[in-house]
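Chemist: This is the structure I have questions about; it appears just below.
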């Protein structure tokens with residue numbers, strides 16, 4: 001199933017986590033949008049769930065530099081879902 005192209009990420013909160021859906025965005029927009037979101041969150045334990053259409057290998061070293069960790073979650077076929085948390 002082809003990915004629908006979008007001009008901007010979708011963002012929402014579900015009460016426990018901030019979500020960002022960057023599927024369909026061309027590089028480097030997903031990376032930029034994810035980093036912008038994690039930088040905007042107040043200090044605390046708010047996790048971020050990323051909905052992506054590919055494994056964002058360039059994101060991992062960037063997260064490491066700013067004290068965040070990524071963990072792959074179970075996701076539907078055709079989606080890569082990551083749980084991002086601040087490192088302890």
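The values are calculated or read from the model by the stated rules, or taken from the named source; none is laboratory data. Just so you know, these numbers come straight off a predicted model, no measurement behind them. Every residue, glycine among them, receives a Cβ derived from its backbone with ideal geometry; neighbour counts consider all protein chains shown.
Chemist: If residue 27 satisfies all but one of (1) in contact with a helix residue (DSSP H, G or I) (Cβ under 8 Å, 6 or more places away or on another chain); (2) in a loop (DSSP other than H, G, I, E, B), what's the number of the condition it fails?
Modeler: Of everything listed in (1) in contact with a helix residue (DSSP H, G or I) (Cβ under 8 Å, 6 or more places away or on another chain); (2) in a loop (DSSP other than H, G, I, E, B), residue 27 misses just condition (1).
Chemist: Among the residues of the range 37-67, write down those that are without any contact (Cβ under 8 Å) to a residue 24 or more places away in the chain and within 26 Å of residue 78 (Cα to Cα).
Modeler: If the condition is that a residue be without any contact (Cβ under 8 Å) to a residue 24 or more places away in the chain and within 26 Å of residue 78 (Cα to Cα), then 57, 60, 61, 64 are the ones that fit.
Chemist: Continuing with this model, one more query. Looking only at the range 50-57, decide whether some residue is surrounded by fewer than 13 Cβ atoms within 10 Å (Cβ to Cβ) and at pLDDT below 95. Don't jump to the end; show me each part of the working.
Modeler: Taking the range 50-57 and keeping what is surrounded by fewer than 13 Cβ atoms within 10 Å (Cβ to Cβ), we get 55, 57.
After this cut, where a residue has to be at pLDDT below 95 as well, the list is none.
No, the range 50-57 contains no residue that is surrounded by fewer than 13 Cβ atoms within 10 Å (Cβ to Cβ) and at pLDDT below 95.
Chemist: Continuing with the same structure: Please go through the range 10-36 and pick out each residue that is under 20 Å from residue 77 (Cα atoms) and touching a strand residue (DSSP E or B) at 6+ places or on another chain (Cβ under 8 Å).
Modeler: Residues satisfying the conditions are 10, 19, 20, 21, 22, 23, 30.
Chemist: Just the residues that are in contact with a strand residue (DSSP E or B) (Cβ under 8 Å, 6 or more places away or on another chain) and either surrounded by fewer than 15 Cβ atoms within 10 Å (Cβ to Cβ) or within 12 Å of residue 18 (Cβ to Cβ) (or both), please, taken from the range 58-78.
Modeler: 60, 67, 69, 71, 72, 73, 74, 75
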